[in-house]
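Novice: Can you keep this structure in mind? I'll have questions shortly.
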Amino acid sequence: MKKSKIKLWVEGARLRTLPLAVSPIAIGAGAAASVQKFDLLLSLLALAVALFLQIGVNYANDYSDGIRGTDDFRVGPLRLTGSKSVRPEAVKLAAFIFFGLAAVSGLVIVLITAQWWFIAVGAAAIIAAWFYTGGKSPYGYAGLGELAVFVFFGLVATYGTAFIQIRNFDMNALIGAIAVGLFAAAVLMVNNIRDIETDTLAKKKTLAVKVGKRPAKAIYFLMIWLPMLVLVPYSLIYPATFFTWVVLFLLIPATLIVVTAKSPKELILALKLTSFASLLYAVLFGLGLAQINFAL
């Protein structure tokens, strides 16, 4: 029984979403390394913030969607609250424990760097994580989820990781933040395309529900292919970033699946491919910025 409960909690943490937390840190660290400012401790602390925040938001979404009844209609992996496998209060507590761990990791960064204004950034990230599906008027139910993901798991996480090390404006960090933010938003978009029918029944007005399936797919394609355009000039400026093109082996099948999918279950593989494409892109692009070459 104990093992069963542990398995439930691990499944509820949605570990498959963690690549989205790792991706911005990889590019931010690579941008810092490109100007010889890489700091391992600060990068690991930034990674801790991102991972704890991602797990926290996963539990928060599980709790909020579950008590609203949204998950009564969904297709996909089990949800702790919606399936009544775990008490809602316990799921809510788990969310705030991980938000707390993210806050502590962020405070350590602030103490090391003396960048006190980062406290406000961290507080905004936690508030955004909770109110995505929590509260009386969650913005995730108003079609703003992709924008929030782009901002916090793209711009804030990537540029923040670079800034705490470089302490100055860096164009590589900004461009990398936009690229990885688009990937993160694409993961949410394909998830919402999968759930478009059930979200409509639950009156959850995601961006996919608002614009319709075809336009949502077009937006998804833009989100995953625009980051590849970045590689064209970067392959010349930073030759080691050329290896990032291997991401095509994940993006092409993901694109074909979304184009041809006839049922929501078919999109689960596209979601996984997009998530791993984000991680592979970020790691290879980050290493490329650091000018680490690979032997063929």
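Novice: Could you please give the count of residues in region 184-207 that are touching a Leu at 6+ places or on another chain (Cβ under 8 Å) and either under 30 Å from F38 (Cα atoms) or not in a helix (DSSP H, G or I) (or both)?
Specialist: 3
Novice: Would region 49-67 turn up any residue that is outside any helix (DSSP H, G or I), touching a helix residue (DSSP H, G or I) at 6+ places or on another chain (Cβ under 6 Å) and at pLDDT below 95?
Specialist: no
Novice: For region 193-218: of the residues being surrounded by 24 or more Cβ atoms within 10 Å (Cβ to Cβ) and closer than 10 Å to G143 by Cα, which is modelled with the lowest pLDDT?
Specialist: Checked region 193-218; the qualifying residue modelled with the lowest pLDDT is K204.
Novice: Considering only residues that are hydroxyl-bearing (S, T, Y) and in a loop (DSSP other than H, G, I, E, B), which ones fall in region 108-151?
Specialist: Y132, T133, S137
Novice: Looking at (1) modelled with pLDDT under 95; (2) surrounded by fewer than 17 Cβ atoms within 10 Å (Cβ to Cβ); (3) small (G, A, S), find the lone condition where A124 falls short.
Specialist: Failing condition for A124: (1).
Novice: Taking only region 270-296 into account, find how many residues are over 17 Å from the mean Cα position of the chain (by Cα) and either outside any helix (DSSP H, G or I) or farther than 24 Å from A29 by Cα (or both).
Specialist: Adding up the residues that qualify gives 7.
Novice: Would you be able to say whether some residue in region 197-218 is β-branched (V, I, T), in contact with a helix residue (DSSP H, G or I) (Cβ under 6 Å, 6 or more places away or on another chain) and under 21 Å from L273 (Cα atoms)?
Specialist: Within region 197-218, the first condition is being β-branched (V, I, T), and the residues that meet it are 198, 200, 206, 209, 211.
Keeping just the survivors that are in contact with a helix residue (DSSP H, G or I) (Cβ under 6 Å, 6 or more places away or on another chain) gives 200, 206, 209.
Filter once more, keeping what is under 21 Å from L273 (Cα atoms): none.
Checked region 197-218: no residue is β-branched (V, I, T), in contact with a helix residue (DSSP H, G or I) (Cβ under 6 Å, 6 or more places away or on another chain) and under 21 Å from L273 (Cα atoms).
Novice: Could you tell me whether any residue of region 235-243 is part of a loop (DSSP other than H, G, I, E, B), surrounded by fewer than 21 Cβ atoms within 10 Å (Cβ to Cβ) and touching a residue at least 12 places away in the same chain (Cβ under 8 Å)? Full working, then the answer.
Specialist: Filtering region 235-243 down to residues part of a loop (DSSP other than H, G, I, E, B) leaves 238.
Now drop any that are not surrounded by fewer than 21 Cβ atoms within 10 Å (Cβ to Cβ), which leaves 238.
Checking the rest, the ones that are also touching a residue at least 12 places away in the same chain (Cβ under 8 Å) come to 238.
There is at least one residue in region 235-243 that is part of a loop (DSSP other than H, G, I, E, B), surrounded by fewer than 21 Cβ atoms within 10 Å (Cβ to Cβ) and touching a residue at least 12 places away in the same chain (Cβ under 8 Å).
Novice: Also, I was wondering about something else. When region 158-183 is examined, which residues are found to be farther than 18 Å from L231 by Cβ and either out of contact with any helix residue (DSSP H, G or I) (no Cβ under 9 Å at 6 or more places or on another chain) or among the small types (G, A, S) (or both)?
Specialist: G160, A162, N168
Novice: Only one of (1) touching a residue at least 60 places away in the same chain (Cβ under 8 Å); (2) buried (at least 20 other Cβ atoms within 10 Å of the Cβ) is not met by V108, so which one is it?
Specialist: (2)
The values are calculated or read from the model by the stated rules, or taken from the named source; none is laboratory data. All figures in this text were calculated on a predicted structure; none of them were measured in a lab. As a convention, Cβ positions derive from the backbone with ideal geometry for all residues, glycine included, and neighbour counts pool all protein chains shown.
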